[in-house]
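The values are calculated or read from the model by the stated rules, or taken from the named source; none is laboratory data. These numbers were taken from a predicted model, which means no experiment stands behind them. With ideal geometry, Cβ positions are generated from the backbone for all residues, glycine too; neighbour counts draw on all protein chains shown.
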């Protein structure tokens, strides 16, 4: 049976409520049968030494994937070696599930650098692309200005999302609470495993 499946990848270090908002918006606006959370094994644009251990990111992402029955978890990138190229994940999913119609979901900040991704034209041929757009008040943010002429298949209606994983890690290192920024289960996991400098 044909299914419409969203592909939502990222470092998820940690996954937070802004990620959840993007995922839920994609499910609703695109009428997805399922959305796969896919933690990156070795993010191509990040230093490996600066990324938390795969097992922790996998478990935190699993906890996020339990937030909605339409969510699923795919750990295929964590099982591989080398950079986690999006096109390789899409090709694997197409081989394993030829009946799926894939929709790649990303934020506007990721879309801004899409032309630098590995084989961007092949990505567009393999899946539709949906970009979560920030509201007009944030258009002036330089990182969101695409440096390419590609067009997504869908612009998802966005809202101001002020927090990032980097900000959350910095907040934790300062000893401040982040319970309002992540799900309670993720916050508990961070405390249990003393992540991000927690003692």
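Tell me whether region 52-67 contains one or more residues that are surrounded by 15 or more Cβ atoms within 10 Å (Cβ to Cβ), touching a strand residue (DSSP E or B) at 6+ places or on another chain (Cβ under 6 Å) and under 22 Å from residue 101 (Cα atoms). Checked region 52-67: at least one residue is surrounded by 15 or more Cβ atoms within 10 Å (Cβ to Cβ), touching a strand residue (DSSP E or B) at 6+ places or on another chain (Cβ under 6 Å) and under 22 Å from residue 101 (Cα atoms). In this structure, residue 14 does satisfy being within 12 Å of the chain's Cα centre (by Cα), closer than 30 Å to residue 184 by Cβ, modelled with pLDDT of 95 or more and in a loop (DSSP other than H, G, I, E, B). Run residue 69 past the list (1) free of Cβ contacts under 8 Å to residues at least 24 places away in the same chain; (2) assigned to a helix (DSSP H, G or I); (3) under 30 Å from residue 177 (Cβ atoms) and report the number of the one that doesn't hold. Answer for residue 69: the failing condition is (2). Scanning region 168-199 for residues that are part of a helix (DSSP H, G or I) and within 16 Å of the chain's Cα centre (by Cα), we see that the one that is modelled with the lowest pLDDT is 168. Among the residues of region 119-143, those that are out of contact with any strand residue (DSSP E or B) (no Cβ under 9 Å at 6 or more places or on another chain) and either modelled with pLDDT under 95 or surrounded by fewer than 13 Cβ atoms within 10 Å (Cβ to Cβ) (or both) comprise 121, 125, 135, 136, 137, 138, 139, 140, 141, 142, 143. Applying the criterion of being surrounded by fewer than 16 Cβ atoms within 10 Å (Cβ to Cβ) and modelled with pLDDT of 90 or more to the residues of region 155-167, the residue that is nearest to residue 130 (Cα to Cα) is 155. Checked against the criterion of being buried (at least 19 other Cβ atoms within 10 Å of the Cβ) and assigned to a loop (DSSP other than H, G, I, E, B), the candidates 32, 93 yield just one match: 32.
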